[in-house]
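The values are calculated or read from the model by the stated rules, or taken from the named source; none is laboratory data. Bear in mind the structure is a predicted one, so any value in this text is a computation, not a measurement. Methodologically, a virtual Cβ is constructed for each residue, glycine included, from the backbone with ideal geometry; neighbour enumeration extends over all protein chains shown.
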Amino acid sequence: MKVLYCDVCKKPIENPVPSRNYFHIADIDICEPCKDELDLAMKYTLRQKKPFDYGWHDELTMRLLHEGMQKGRIEVHPKR
Ligand SMILES: [Zn+2]
């Protein structure tokens, strides 16, 4: 049985199926709960940031992922 480890929470993902129960972003593999938290964190930040721009959208995704990997989880509500 193939097992993959989430790069953020380090939990095993059993029988990983891309875009189903894990997500590959840049060189990072994340599990579904972490992807959900990433989406929430993005949504929360997008609400405050205008105008929308794909440049910082990607930059923010990578920043959230790298911070998440250091902390072991994605911070949905960044500290002020
Ligand atoms: Zn995870």
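I'd like the full set of residues that are within 13 Å of the chain's Cα centre (by Cα) and in contact (Cβ under 8 Å) with a residue 24 or more places away in the chain, limited to region 1-26. Within region 1-26, Cys6, Asp7, Val8, Cys9, Lys10, Ile25, Ala26 qualify.
For region 41-78, filtered to residues that are of a type in the set (D, E, K, R) and within 13 Å of the ligand (Cβ to nearest atom), the residue that is farthest from Glu14 (Cα to Cα) is Lys71. Over 16 Å from Tyr5 (Cα atoms), aliphatic (A, V, I, L, M) and touching a Pro at 6+ places or on another chain (Cβ under 9 Å): which single residue out of Leu64, Leu40, Leu60 fits that description? Criteria check complete, one pass: Leu64. Would it be correct to say that Leu46 is hydrophobic (A, V, I, L, M, F, W, C), surrounded by fewer than 14 Cβ atoms within 10 Å (Cβ to Cβ) and without any contact (Cβ under 8 Å) to a residue 24 or more places away in the chain? Answer is yes for this residue. Considering the conditions (1) modelled with pLDDT under 95; (2) within 26 Å of Asp53 (Cα to Cα), Leu38 is excluded by exactly one of them, (1). Within region 4-40, being of a type in the set (A, V, I, L, M) and within 13 Å of the ligand (Cβ to nearest atom) holds for Leu4, Val8, Ile13, Ile25, Ile28, Ile30, Leu38.
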